Amino acid sequence: MKVLFIGDIVGKPGREAVGLVLPSLKEKENIEFVIANGENSAGGFGITPNVAEEIFSFGVDTITLGNHTWDRKEVKEIIDDPRIIRPANYPRDVPGHGYSIFITPNKIKLAVVCIMGRVYMQNLDCPFRVLDDIIDKISQETNNIIVDVHAEITSEKQSIGWFLDGKVSAVIGTHTHVMTADERLLPLGTAYITDCGITGSFDSVIGIKKELALKKFILQMPVKFEIAEENVVLQSVIIDIDESTGKARSIRRHIEFLGNL
């Protein structure tokens, strides 16, 4: 079973890239299930019902979120949709789902989990302990499990990768919008990459107009960020999973440059 994980969709350029690339990519690569991180998909911050529906219409099966989950008040209208997965380590009474179990077109059960790191992020519940509890529950139904680790620093992501090796099919890092080149199979069969990258403007600072980011850093004054639109790219990984064991056979990066849309 092949699963496509699309790196953080940033604004309208990122959404347009998904719409242009995904239908043919699914057919060419025989992709059975598509996950996309969409926490920056609405104007660069958060997600709305209309934006979520647009992303689903392109062929994405589930959208994971992160620290910008609550940036748009409209998210309350869709947060209980099981296809929308917010970080699982929010407090117990927070609405929404930290994981969902899906049935693929080939009748395979596949679980998708989202967890958020704590270093330089919100002080949420311990991701390691939360993952321990969740994976124990999910494993009673399926061994095919993809975990989106939405975290700032590489050491925390790598630690979670090693912690979950052999327990899940793949650990995919998101949040920094910079794709890493460390994709690998860990010794016990878990596919891993520290960050899946960006789907949006490549000629930007993590999706923001570079001149605005420079102004912010140089002047140290408040700047209203705007989404960059130049040289759009879709960054993703394709994970091949042995659905009988839940172990990954391979993981590889897939990048498509689309220019100015």
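Here, each number is a calculation from the coordinates, and none is a lab measurement. Computed from a predicted model, the values in this text were never measured in an experiment. A quick note on method: Cβ atoms are made from the backbone with ideal geometry, for glycine too, and the neighbour counts reach across all protein chains shown.
At-a-glance table
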{"item": "Spatially proximal aspartates and glutamates relative to LYS2 (Cα-Cα < 12 Å; intrachain offsets below 8 disregarded)", "result": "GLU27, GLU29, GLU32, ASP240, ASP242, GLU243"}
{"item": "Given charges at Cβ of Lys, Arg, Asp, Glu: the chain dipole, positive-most of VAL237, VAL10, ALA213", "result": "ALA213"}
{"item": "Karplus 3J(HN,Hα) series, Hz, for segment 138-146 with 6.51 cos²θ - 1.76 cosθ + 1.60 (x for Gly, Pro)", "result": "5, 4, 6, 10, 7, 9, 8, 9, 10"}
{"item": "Greater than 22 Å apart at Cα, pairs in LYS73/LYS137; LYS12/LYS210; LYS73/LYS216; LYS73/LYS224; LYS109/LYS137", "result": "LYS73/LYS137; LYS73/LYS216"}
{"item": "Centroid-to-centroid separation of segment 195-211 and segment 1-36 [C-alpha atoms, Å]", "result": "17 Å"}
{"item": "Residue among HIS97, LEU20, ALA42 farthest towards the positive dipole end of segment 1-118, charges placed on Cβ", "result": "HIS97"}
{"item": "Directionally averaged projected area (convex hull, Cα atoms, the chain), nm²", "result": "13.0 nm²"}
{"item": "LEU261 paired with GLU27, simple spin-label distance in nm, labels 7 Å along Cα-to-beta-carbon", "result": "1.9 nm"}
{"item": "Amide hydrogen neighbours beyond the local backbone of LYS247, cut-off 5 Å, H modeled", "result": "ASP242"}
{"item": "Theoretical gain in end-to-end length, GLU77 to THR154 [0.36 nm per residue, Cα-Cα removed]", "result": "24.4 nm"}
